[in-house]
Amino acid sequence: MTTNPGIYAKRRAMLLITIALLIVISVAAYFFANSYNAGVIEELRTQPEGNRAMRVMAITFPDGHTLPVNYLREGNIVFAGSDFNWWRSISPEGSRVNLLIKGEMLSGTATVAQDEDYTYEVFERLRPDAPTWASKLVGAKLVTIELD
């Protein structure tokens, strides 16, 4: 049985092109997300009574990283749903965070909820228009912040 070296060269070239495209797409997505997030955070600062500020807050972690996230405030507790990995910035014992909610700077201790039933019960209030299966599909986590 003979092998055709041209086939292997073509496969290798396609693999390298695919890897290069994935790298380019990942870098572009990273820079787009960061510039988009910066714009949302600026809007939250300059328009605390705007439509976005009614449902989005800025959360700042101990390392100084700030993200805009949807939130639900119930008294002294603020809930946020994490569909991405930012919840990993919170230590298992809890982490101090700063929040910008409707122009007000607040501080508190953030923890990640471990009870799945509780998580989805809160998600029904936090995300009333989103189906529960979507949060489960992406492995969403509930972050609870107890305000000072």
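Which of (1) more than 16 Å from the chain's Cα centre (by Cα); (2) surrounded by fewer than 18 Cβ atoms within 10 Å (Cβ to Cβ) does Ala53 not meet, given it meets every other one?
Going through the list (1) more than 16 Å from the chain's Cα centre (by Cα); (2) surrounded by fewer than 18 Cβ atoms within 10 Å (Cβ to Cβ), Ala53 breaks only (2).
Assess whether Glu93 counts as being within 26 Å of Glu49 (Cα to Cα) and surrounded by fewer than 16 Cβ atoms within 10 Å (Cβ to Cβ).
No: the conditions fail for Glu93.
Is it the case that the stretch 57-70 has a residue that's modelled with pLDDT of 90 or more, within 19 Å of Ile101 (Cβ to Cβ) and in a loop (DSSP other than H, G, I, E, B)? Can you show your working first?
Within the stretch 57-70, the subset modelled with pLDDT of 90 or more is 57-61, 66-70.
Right, trim to within 19 Å of Ile101 (Cβ to Cβ) and you get 57-61, 66-70.
Right, trim to in a loop (DSSP other than H, G, I, E, B) and you get 61.
Yes - at least one qualifying residue is present in the stretch 57-70.
Taking Val143 as the residue in question, decide whether it is in contact with a strand residue (DSSP E or B) (Cβ under 6 Å, 6 or more places away or on another chain) and assigned to a helix (DSSP H, G or I).
Considered against the rule, which asks whether it is in contact with a strand residue (DSSP E or B) (Cβ under 6 Å, 6 or more places away or on another chain) and assigned to a helix (DSSP H, G or I), Val143 comes out as no.
The values are calculated or read from the model by the stated rules, or taken from the named source; none is laboratory data. Since the model is a prediction, treat every value here as computed from it, not as a measurement. Every residue, glycine as well, gets a Cβ built from its backbone with ideal geometry; the counts of neighbours run over all protein chains shown.
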